[in-house]
Amino acid sequence: MRKATARAGSNIAFIKYWGAADPALNLPLNGSISMTLAHVHTTTTVEWAPRGERPVDTIVLNGLPLAPAQAERLVAHLDRIRALAGVDHRARVVSVNNFPTGAGIASSASGFAALTVAACRALDLDLSPTQLSALARRGSGSACRSLFGGFVEWRQGSSDADSVAAPLFPPDHWELWDLVAVVDRQEKPVSSAQGHRLAHTSPLLEGRLRQVDGWLAQVREAIAQRDIHSLGTVAELDALAMHSVMMTSTPSLLYWQPGTVAVLHAARAWRAQGIPVYFTIDAGPNVHLLCPADQVSALRERLASVPGVEQVIASGPGPGPQLLDAHLF
Ligand code: DP6
């Protein structure tokens, strides 16, 4: 086998990964818990050929060939996989996201998960899901969680082998939905990778890390009980704690836009009216609203009238990576 295609879902974290204990290995300062998304995914085909036949890696993302500088992080990941397989092959990689490019939705989690699975499969590398999770983590921390479906925990660990994700509950455990209120489509000015390195400069980092183990326990229990109020309360708290760390880093990272704040206030006002909805925010301005499946259409409508909301992307829990027979080339 030299060619394989994999699809992997993105994920939304309820307790976030922010701050690296080891930036080279992407070992985190804390554990995190997320839900893998069914409707927000990346599909990637990888074909390997001996260097004599194909002198360089080529990568096409959403129809556009990547320039060498843009491809660097992906080529570094291909290097890891080549080293594992003991080959010097070069790859042709074609990858598409099913969500609008430039919607301000992070694609690195689904992207590195799909790339890892397809590239290893195409080299007949027989790795377990746990080993694939460790490998995907090297490309993008949050990608290690996209190696499993449903509700997933990334245990902090202390080494390359044990800082890996594991499933908590399958996707059909709970019809929880994530509605992404897109308020800004621009690429973020400071990448998560840079942000993870800055976390140490915040005087608030220690305070967040002291709380995180208790919050992880509450989130595990809330998911087990399908308790949106308990889950949402702690997910909001951790998102605000993470953004407090970001804002108080040096230099300060302020990802929020006016539309971000408008959605936060709207969510709390709707909640005061009895709607079970809670927010979380990644390293960007867009707001993720968490709610039970039966609230999705009403909340979509309400979001459309919040100032600054340009688009809403919605998804429930989805499966782990899948190998597809239909290749992209
Ligand atoms: C805020 O290091 O996984 O989404 O730099 O895009 O690869 P990339 O991101 P990553 O950081 C994710 C940070 C986060 C929180 C989370 O998903 O846990």
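If I model a spin label at Gln225 and Arg54 as a point 7 Å from the Cα along the Cα→Cβ vector, what separation in nanometres do I get?
5.1
Taking Cα atoms, how many degrees apart are the long axis of helix 258-272 and the longest axis of the chain, rounded to 10 and kept between 0 and 90?
It is inclined by approximately 50 degrees.
GNM on the chain, C-alpha springs below 10 Å: top fluctuator among Ala106, Ala298, Ala239?
Ala298
Per residue, how many Å² of accessible area does the stretch 176-315 show with a 1.4 Å probe?
Dividing the accessible area of the stretch 176-315 by its residue count gives 45 Å².
Given R₀ = 45 Å, FRET efficiency for Asp124-Glu206 by Cβ-Cβ distance, to 0.05?
With a Förster radius of 45 Å, E is 0.45.
Would you mind calculating the gained length between Glu72 and Phe329 on full extension (0.36 nm times residue separation, minus the Cα-Cα distance), in nm to one decimal?
Here the segment from Glu72 to Phe329 would lengthen by 90.3 nm.
Give me Rg over Rh for the stretch 153-272, both radii from the alpha carbons and Rh done the Kirkwood way, two decimal places.
Rounded to two decimals, Rg over Rh is 0.98.
Based on the alpha-carbon gyration tensor of the chain, what equivalent-ellipsoid semi-axes (square roots of 5 times the eigenvalues) come out, in whole Å, largest first?
32, 21, 19
Using 1/(1 + (r/R0)^6) with R0 = 30 angstrom and r between the beta carbons of Leu240 and Gln194, what's the FRET efficiency to the nearest 0.05?
The calculated FRET efficiency here is 0.90.
What are the residues whose amide H is under 5 Å from the amide H of Trp177, where those residues sit 5 or more places off or on another chain and H is modelled from the backbone?
Cys291, Ala293
Need the C-alpha centroid separation for the stretch 130-170 versus the stretch 282-299, integer Å.
Between the Cα centres of the stretch 130-170 and the stretch 282-299 lies a distance of 24 Å.
The values are calculated or read from the model by the stated rules, or taken from the named source; none is laboratory data. Quantities reported herein were computed from a predicted structural model and do not represent experimental measurements. Here Cβ is always computed from backbone atoms with ideal geometry, including for glycine, and neighbour counts include all displayed protein chains. What goes into the accessible areas is simple: the full protein's heavy atoms, side chains included, and nothing from ligands, DNA or RNA. Shrake-Rupley method; radii C 1.70, N 1.55, O 1.52, S 1.80 Å.
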